[in-house]
Amino acid sequence: MRISPNWLREFVDITVEDSRLAEDLTHAGIAVESIVGSGEKTIFEMEITTNRVDAMNHYGVARECSAIYDINLKPITPKLAQGNTQQFPVEIREPELCGRYTARAIRDIRIEKSPRYIAERLLIEDHHAINNVADATNYTLMELGHPTHAFDLDRLEGGKIVVRRAKAGEKLKTLDGVQRELTPDDLVIAAAARPVGLAGIMGGYDTMITADTHNVLIESAWFDPATVRRTARRLGMHTDASHRFERGADWAATTLACDRVAELVLATGGGKLAEYQDCIARNPTHGPIQFDSGEVRRILGLDIPDSEVSRILRRLGFGLERKGRSTSSPPSSSAEVYKVEIPTWRTDVEREIDLIEEVARIHGFNNFANTLPSFSGAVVEQPHERPQQKLRARLLALGYDEAISPTFISNSDSQRFSSAQAIALENPLSDETPLMRNSLLPGMLDMIACNFNRGTSDIRLFELGNVFDGTTQEVNQHRHACFSATGLLDVFSVMQTPRSSDFFDVKGDAENLLALFAIESVDFVAPASNYFHPGRSAKISVGRNVVGELGQLHPDIAAERKFKQDVWLAWLDLDRLYSVPLREPRYERLSRYPSIERDFSLLLDAGMSYERLRQAIAALGIPELRSIEAHELFRGGAVPEGKYSLLLRLTFQSWERTLRDDDVAGWSQQVIAAVNSLGGSLRV
Amino acid sequence: MYSVSKLADFSPAALDSAARELKSALEDEAAAVSGEGEWKALRDRWMARKNGILTQLNDQWLKAAPAPAKRDVGQRVNELKKLVEEHIDSASARISTSGTASRLEQERVDVTLPGTRRKIGIEHPLVRTMNEIIAVFKAMGYSVAEGPEVETDYYNFESLNFPPNHPARDTQDTLIISGQQGKPLRERLLLRTHTSPVQIRTMEKQPPPVRVVVPGRVHRADTADATHSPIFHQVEGLAVDSNITFCDLKGTLDQAAKAMFGSSVRTRFYPSFFPFTEPSADMQISCFKCGGSGRLDGAKCGMCKASGWIEILGSGMVDPNVYGFVGYDAKKYSGFAFGMGVERIAILKYGIDDIQLFYQGDVRFLEQFA
């Protein structure tokens, strides 16, 4: 919306410059976004909040000026000669949807071009002059803010206006030439059997003013905001009129607006006043509210004298009547209780707090002090805050960059990367990605692809985010983590040849993350879901719960996505993981005695897992056995087919004494026996 | 060159003689050592586990000794062992002073070659910004609260004083979960368009005083381009207690702005409109790039478009209608709420020209925030 400060000056005697005026209006909540032009042609580009429909016109802004500068607002009083007192027949069949319908007929007019001053003012809003009648309605809208419409009276069959719901399937060609199909939810202005206007939105094509028009009917009505909004939205229409009716027009302004249009038409097109009607179906305006000026201090924290409070409110059009001393405020306070009449144009003001806001904004927000509240109560941490911080810090320490991917994924990705039922959107942003992500992996792969496409091949990324599943009745949200590594493991160094990430790098990172939690034991069970390489993937189990999976992206999927290198992926279900407490450090007395290492070169069946071997040795229950480490692994060469060789390093240490060779020899025998029982042997 | 000979005679005299022979050989060999390589060879010859002279002594003297002489032989072998270690150590000490200069020269590295930098993960600029904002409010006594990204119409709109069919709903183009048509409006599921529902959820759970800061992801049906994203992040705040005033709102947010953007930053407030606050205020800060002058290096400041001010957040006093939804006594309690866009702040702070960069995981972009 645009405002001409020059036009404003017709209604209020503003003494400040335009630039200052723009600033003062903005500080009062009537935001001037920018100023274009200069001198009399200066135009303010406005940004009026949706609640202030009353300020979406010149007179409304002038009223704000009158409050800001404490100056008089000149009334608008159209001068009409006494016309014919005959009534124009109007019937409102839907009093809820149409509260008032004022109509005035003007006969024997000339349809002409508007005078220059009108045409120029219409240009402020880029409206091009059409004819003196249509222009009069647009001019009045810009001036007063009330939408009006003019019909060619001779084309209104039956000479009567009926405001009713449309019949199902009823059609109306609107002014823009579009044929509209209506429903009973729509309110129409009808003449005889035919709709001639879409109430509050747009008039009909067939009844518009043309060069042949001689007699006109001016409509100035009040329509129910929700009805106008619903119809406008359904038909995808947004007009100056609907914009205002949707937000609440001034019920009391229909007569003024009607008279103002008539005044302009008569001044430019001659003719004479004819029939008139002001049909009132219901009054939607609300009554007085009680206002305790002590509340101004309680909410705003500043003692604004009652004299200032009432000055501001009166300038804005409110009526104040003192009722007595405030009982809620301390006796020392001079606060009073008032009965406040609400001006009909202020549909947004219904409560005491609304009046407080009026006082605050005209007083000026920046004239309030900056203070800090005194507080009671403690800072409470949410249960997942600490584990999340630790997990994130560790992922960063492990060299993964943090990433954020979009929430929406495709049908095929949702089925491929999760068995959970994905949630669909009613109005997706794109047909390709109609679902909410049920896994972080599709987003991760997209980000990896984005990097490949831009020539980056060494990538380590993680994302912490929510995934969604469930039904249209109930949507479940789960915290997940996902991390991925591909390409070279280390950054470039002149001293070393970097190597590529492999399974054990990603597994080691997962182990480092899981080590944050007080988990007794973690099992890596092959294979994982089928989007992983079947031989290079594992489920991560804690007790009976699978808390995640890791492994290499299945080569088929990698090929589909045109990935030319191995991509390692892992995901974790953080809700499950966070249900485990964080690991607390536990001190253990250090032994004063030396430790002894023994290496065992073992020959094992290819099918024998390291984990079984480790468990068998651990099951020996040797208290002095401090650690079991796999050191080297060989296949082929001297190692027979179907076997592999493993160098196992055991460390023994006692807290009580220095171990003797024969202690260790005895335990070594037990270890070898355990290996033998698994079909393995010591390699000689 | 000396080698350990087998002993036939284990008498003390014979042992003395054999020990002397060894000692003299040791002294000669140790004295002859003049470099690192020679010293290593000496050490291995005498001390190697496998076949070193000391090992041989063990095998050929001690193990071969008849039982009565064992004790004597053992003692002598131990003494010789000590002696060998001493000589080898002192030889090492000798050559390390004499050989320092040349050895160190050989070990020289080119210190101008780049260091081997281990990969360290980089925080996402949005999470980093979000955490910075949260830290500011935590230090002011605010707890962190969170809520679901999929909300009901009730929490996202109705309880925040957006009545059904209200035009204010139009400003927040909403993504809706499919299959909601059959439900009453307030139960319909949607993607939250702001973090404000968490205000309601927090107040439902606890009586005043309330002081929370709410980070989170929100969605709106916006077409993605360089300045718009259907996904973005907000940090919301809420403080409710007895005697919280509009002056407190201003003071708190002024303090937070100074903590976030520097102590020289000034703030100003404008009336605005949000259905769930009244009065509502937008906060601007003086431009942190040009210091509020609107000019930078003789040209117009691009950051604030020469206005000297940058809009940072929306705020307001909690609307009494909202208290009605959560059962707080609006006559007794008052409070303020505020919300800011994390993307907007990160974009301003780092001068980022395309919002989409936040969601692409492009390593070249992320690396700039290391």
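What follows draws every value from the coordinates through simple rules; no lab data is involved. This is a predicted model, so every value here is computed, not measured. Note: ideal-geometry Cβ built from the backbone for every residue, glycine included; neighbour counts use all protein chains shown.
So what's the angle, to the nearest 10 degrees on a 0 to 90 scale, between helix B:36-47 and the longest Cα principal axis of chain B?
70
Using Cα centres only, tell me the gap between the stretch B:39-54 and the stretch B:255-274 in whole Å.
Computed from Cα coordinates, the inter-centre distance equals 77 Å.
Could you rank the peptides A:158-170, B:121-133 by their average count of other C-beta atoms within 10 Å per residue, with the highest value first?
Ranking, from highest mean packing down: B:121-133, A:158-170.
Using only the alpha carbons of the stretch A:385-578, determine the length spanned along each of the three principal axes and report them from longest to shortest in whole angstroms.
58, 42, 31
Evaluate peptide A:29-35: per residue, the Cβ atoms of other protein chains within 10 Å of its Cβ; return the mean as an integer.
Partner Cβ neighbours, averaged per residue: 2.
Magnitude of the Cβ-charge dipole of the protein assembly as shown, K/R +1 and D/E -1, about the Cα centre, nearest 20 debye?
Roughly 1440 debye for the protein assembly as shown.
When the label point is put 7 Å from the Cα of residue A:233 along its Cα-to-beta-carbon vector, which residues of the stretch B:145-160 have a backbone N closer than 17 Å?
B:152-160
If you place +1 on the Cβ of every Lys and Arg, -1 on the Cβ of every Asp and Glu, and leave all else neutral, what size is the dipole of the stretch B:127-243 about its Cα centre, to the nearest 20 Debye?
Dipole magnitude for the stretch B:127-243 comes out near 220 debye.
Residue by residue, what Karplus-based ³J(HN,Hα) values in Hz, rounded to whole numbers, does the stretch A:337-348 have, using 6.51, -1.76 and 1.60 with θ = phi - 60° and x for Gly and Pro?
Working through the residues one at a time gives 9, 10, 9, 10, 7, 8, x, 4, 7, 8, 5, 7 Hz.
State, to one decimal in nm, how far the label point of residue A:496 lies from the label point of residue B:82, with both points 7 Å from Cα in the Cβ direction.
Rounded to a tenth, the inter-label distance reads 4.4 nm.
Hey, can you list the DSSP H helices of chain A whose Cα span along the axis is 15 Å or longer and whose average Kyte-Doolittle score is at least 0.5?
Going by DSSP H runs, the hits are A:254-269, A:441-453.
So for the pair residue A:17, residue A:341, with labels modelled 7 Å out along Cα→Cβ, what separation do we get in nm?
Taking the two extended label points, one gets 4.1 nm.
For the stretch A:598-641, what does the equivalent ellipsoid look like in terms of its semi-axes, each the square root of 5 times an eigenvalue of the Cα gyration tensor, given largest first in whole Å?
Equivalent-ellipsoid dimensions as semi-axes: 23, 12, 8 Å.
Kindly write out, for the stretch A:194-206 in residue order, the coupling ³J(HN,Hα) from the Karplus curve 6.51 cos²θ - 1.76 cosθ + 1.60 (θ = phi - 60°), rounded to whole Hz, with x marking Gly and Pro.
10, x, 10, x, 9, 3, x, 10, 7, x, x, 5, 6
Show me A:53-59, A:321-327 ranked by packing, highest mean number of other Cβ atoms within 10 Å first.
Those peptides, ordered most packed to least, come out A:53-59, A:321-327.
Could you let me know the centre-to-centre spacing of the stretch A:105-147 and the stretch A:364-437, using Cα atoms, in angstrom?
What the calculation gives is 53 Å, centre to centre.
At a threshold of 8 angstrom on Cα-Cα distance, excluding pairs fewer than six apart, so keeping six or more, what relative contact order does chain B reach in percent?
Dividing the mean separation by the residue count of chain B yields 14 percent.
Label-point separation (nm) for residue A:388 and residue A:627, each offset 7 Å from Cα along Cα-to-Cβ?
Computed distance between label sites residue A:388 and residue A:627 equals 3.5 nm.
Please list the non-local residues whose amide H lies under 5 Å from the amide H of residue B:227, H modeled 1.01 Å from N, same-chain partners needing a gap of 5 or more.
Amide H to amide H, under 5 Å and 5 or more residues apart or across chains, residue B:227 pairs with B:355.
Which values, in whole Å and largest first, are the semi-axes of the equivalent ellipsoid of the protein assembly as shown obtained as the square root of 5 times each eigenvalue of the Cα gyration tensor?
Result for the protein assembly as shown: semi-axes of 85, 32, 27 Å.
Nearest 0.05, what FRET efficiency do residue B:296 and residue A:2 give at R0 = 35 Å with Cβ-Cβ as r?
For R0 = 35 Å, the calculated efficiency reads 0.70.
For a label point 7 angstrom out from the Cα of residue B:117 toward its Cβ, which stretches of the stretch A:432-462 have the backbone nitrogen within less than 16 Å?
Hits in the stretch A:432-462 for residue B:117 at 16 Å: A:458-460.
Quick one: the Cα spread of the stretch A:596-682 along its three principal axes, in angstroms, biggest first?
Answer, in whole Å and largest first: 45, 22, 18 Å.
Using R₀ = 25 Å, calculate the FRET efficiency as 1/(1 + (r/R₀)^6) where r is the Cβ-Cβ separation of residue A:176 and residue A:226; round to 0.05.
0.60
Mind checking A:396-402 for the average number of partner chain beta-carbons within 10 Å of each residue's beta-carbon?
That average works out to 6.
For the stretch A:2-69, list log₁₀ I(q)/I(0) at each q in 0.28 Å⁻¹, using the Debye formula over Cα point scatterers of equal strength and ignoring solvent, two decimals each.
Debye intensities relative to I(0), on a log10 scale: -1.53.
Taking θ as phi - 60°, what are the ³J(HN,Hα) couplings along the stretch B:245-253 by the Karplus curve (6.51, -1.76, 1.60), each to the nearest whole Hz, with x for Gly and Pro?
Computed from phi, the couplings for the stretch B:245-253 are 10, 4, 5, 5, 4, 4, x, 5, 6 Hz.
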